[in-house]
Every structure is written in C-alpha cells, then in structure tokens.
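The values are calculated or read from the model by the stated rules, or taken from the named source; none is laboratory data. A quick note: this is a predicted structure, and the numbers were derived from the prediction, not measured. Cβ atoms come from the backbone with ideal geometry, glycine included; neighbour counts cover every protein chain shown. These accessible areas exclude ligands, DNA and RNA; they are computed on the full protein's heavy atoms, side chains included. Shrake-Rupley method; radii C 1.70, N 1.55, O 1.52, S 1.80 Å.
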Amino acid sequence: MTMTITRDEFRAELHADENATYAAARERSAVLDHLIDEQAASDPSRFRMLTGDRPTGPLHVGHYLGSLRNRVRLQDKGVETFVLVADYQVITDRDVVGQIGHHVHELVVDYLAAGIDPERSTIFAHSAVPALNQLVLPFLSLTTDTELRRNPTVKDELALTGGRPLSGLLLTYPVHQAADILFCHARVVPVGRDQLPHVEQTRAIARRFNERYAAGHSVFTEPEVLLSDVPLLLGTDGQKMSKSRGNTINLRDSADETAARIRGARTDSERRITFGPKARPEVANLLTLAGLFLDESPESIAERVGNGGARQLKEVVTEAVNEGLRDHRARRAELARDPAFVSTVLRDGSARANEVAERTLATVRAVMGMTY
Ligand code: TRP
C-alpha cells in the first residue's frame, strides 16, 4: 500500500516543530507573566527586560497594541526596563541609512508618548554604546555559520533581498541581538513570534560562554521570551501590515487621516457584521482593532453593529482608534515642541547603558583572562 499525504498535511508536518516550539513558548510566557505580576514590585531586577525596534520609519497601531502598551504595563509593574533603538540593525538589509536621525527621533517620541518614562526606563541606541558592540566579538566565537544560515529570520530576510549578496551584518545580526540582551543581563525579552529564534540563539550563547570561557560559572543567565497575546493585526487592505504596503495607521497620523484610512479599508459585500477571522478576514481585522482599543471582544462589537454594515463598523473603529490614541497624540504634539528634551533622553539613556555595558565587558575580559 502506498502512503499518500495531502499537501496540507505535508505542510503541517514541516511546521510541526515550529508550532510545538511556539506552543511551548506561549506556555512559558504565561507562567512568566504570572511571576512578574506576583514578584516584580518586590524584586524588579529579577525580571529586567530588554526590547527594541529598528528605526526604519513611523510606528503604527500594530506596534502600539502589540508591544508599546505592553512595555509600559511592565514598566509600571516595577520591571527594570531597557528599550533599544536598534540603529545598527537598519543596515542589515539595506545599503543606505536614509533619514536615520529623523527616524530615531520619531521612535523616541513614540516611546515617550506611549508612557515609557525615562526616569525609570533606559532608552538608548546601539551606536552610542561601544562596549555592547564589542561583546559581539567573543559571542561570534561561540556561534557557527551553519547555525546562522539556519536561522529562519535570516533565511526570510535573505529571500527578501531578492538574490542580492548577504551581508556579514545580516548573517550575524542574531549574535548582535544576543549582545543587546546580555550586555544588561536582561531576563525577560518581550517580542513577537518571529524573534523566537534570536532569543534561542542568545540562550545558546549565554550557555556556551559560561561553559567555555567561565569554567561553568554563571556569568550570563539565559533570558526568557515574553510573547504578546495580542493577535496579529492586518493592514487596511487585509494584507500583512507593513510600511512598504502603505496599509498602516500610524501613531503620528491625525484623527482625520485615521478616519480617512479606515473609511478606505477593505471589507466585504455581506451587510450583517459578524466575527469570522477565516471567512471574513478584513471585517474580523477591523473588529479586532476596535476590540483591542475598547478592551471588548470582537464578537460583542460585531453584535452591537449587526445590520449597521461596514459603514457603521468603520465609524465604531474610527472612534475607538482616535479615542484610544488621543493621549498619545497629545503627548506627541507636546514633545514636538521640545526636540531638545527628546535628544537629552536618548543621550542620558545611552550614557547609562554605556556604564552597564562597560561593567559587563570588564567582567567578560576578566573571565577570559584578557586583562593586561
Ligand atoms: N530585531 C528586532 C525587531 O526587528 C529589534 C531588536 C533588536 C530587538 N535587538 C533586540 C528585540 C533585542 C529584542 C531584543 O523587531
């Protein structure tokens, strides 16, 4: 008897490992979230958190709901917070830095507007912290090229370069990311699913460093991922939300621009609004978006709108988004009047990150016998 499997089964088989890893990571994240709730206030450094963004353009509602809000939530629970402006990661997949200064400034503005408090959190940039970058060298010695070529994100990014040669920086950026996380001994890394392989790589580097260079002493602790439970949002055209597709609602957009964006969003021809992510992805996406801002289930919003159709749904969504971003936008406007303050935040944060990185690098050099 010949065994045949369908293409879907084949695909499921192919991704079974990834899905199992993801399911396990979700479970661990839930436990971690619980521990943070219980213990962060009394023992903040135990859950020190690091995360960051590439300054490549304006942040959108997906960033706000999926990561910014969560960072602020953790900060407010007393978790020690490091937020990285990953400027060296900009040049992993493009030849030019573009308007890097502008993007960095805008990113910091969005951090501050969202409620990241520079008194309690350290906001810093890669390029301003030399000791962090130096850690990449010993960490590279603990990593093989096979391992890096296997990294799913590196593979995907390579596919996106459309056959252009792969830069050494793109190949090694998971190692750089390990330095981002380990320089400050972060224990918690809140990221999306696509970043899981990097945190795995970071864990391997921490382990290997301790074994090979530190005679088994725990110089570095393996960090844990904190996965967001916010569902993935689509763009206004129903496709993956991305800057390059022009289908985003950006945090810096005005209320009117937002209304226009939502008015132009794709829906379908069925009048009655129901929540069906598989059958009606565009409508479901709008319901999800409103639900996240209103802290209400998409099903209940669907019920409220009912026969009101796409037009009424869009009114509800517009109101939810504009109301939800009102404070953020007001603070953005205030910060626009004080660009020097934004620069000072970044400079002070980078100075603080430098102190931490220098301490870690000194330990690493001492452990490796490199003190002359
Ligand atoms: N690669 C991340 C992204 O594209 C940004 C990032 C850089 C990061 N270094 C990090 C995230 C360290 C978490 C930890 O979103």
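Here are the numbers:
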| read-out | value |
| --- | --- |
| Region 259-278, residues that are among the small types (Gly, Ala, Ser) and more than 12 Å from GLY238 (Cα to Cα) | ALA259, ALA260, SER269, GLY276 |
| Search result, residues across region 157-175 that are touching a helix residue (DSSP H, G or I) at 6+ places or on another chain (Cβ under 8 Å) and either open to solvent by 70 Å² or more (accessible area, probe 1.4 Å) or not in a loop (DSSP other than H, G, I, E, B) (or both) | GLU157, LEU158, LEU169, LEU170, LEU171, THR172, TYR173, PRO174, VAL175 |
| Residues that are within 13 Å of the ligand (Cβ to nearest atom) and either in contact (Cβ under 8 Å) with a residue 60 or more places away in the chain or touching a strand residue (DSSP E or B) at 6+ places or on another chain (Cβ under 7 Å) (or both), drawn from region 61-83 | GLY62, HIS63, GLY66, SER67, ASN70, ARG71, THR81, PHE82, VAL83 |
| Selected residue (only one of ALA362, ALA320, ALA353 is within 30 Å of GLY216 (Cβ to Cβ) and open to solvent by less than 30 Å² (accessible area, probe 1.4 Å)) | ALA353 |
| Any hit, region 207-222, residues being outside any loop (DSSP other than H, G, I, E, B) and within 15 Å of the ligand (Cβ to nearest atom) | no |
| Selection count, region 180-194, where residues are near the ligand (Cβ under 9 Å from one of its atoms), among the hydrophobic types (A, V, I, L, M, F, W, C) and either part of a helix (DSSP H, G or I) or closer than 14 Å to GLN134 by Cα (or both) | 1 |
| Pairs where the first residue, in region 344-369, is of a type in the set (Ser, Thr, Tyr) and the second is part of a helix (DSSP H, G or I), C-beta under 8 Å, 6+ apart | SER350/ALA128; THR360/ALA131; THR360/LEU182 |
| Residue match in region 75-98 (condition: closer than 26 Å to GLY324 by Cβ, in contact with a Pro (Cβ under 7 Å, 6 or more places away or on another chain) and open to solvent by 10 Å² or more (accessible area, probe 1.4 Å)) | yes |
| Options HIS34, HIS103; residue that is within 14 Å of the ligand (Cβ to nearest atom) and either at pLDDT 85 or above or of a type in the set (A, V, I, L, M, F, W, C) (or both) | HIS103 |
| Filtered residue count, region 279-301, keeping only those that are over 15 Å from LEU233 (Cα atoms), part of a helix (DSSP H, G or I) and not aliphatic (A, V, I, L, M) | 2 |
| Total residues in region 204-230, condition touching a Pro at 6+ places or on another chain (Cβ under 8 Å) and surrounded by fewer than 19 Cβ atoms within 10 Å (Cβ to Cβ) | 2 |
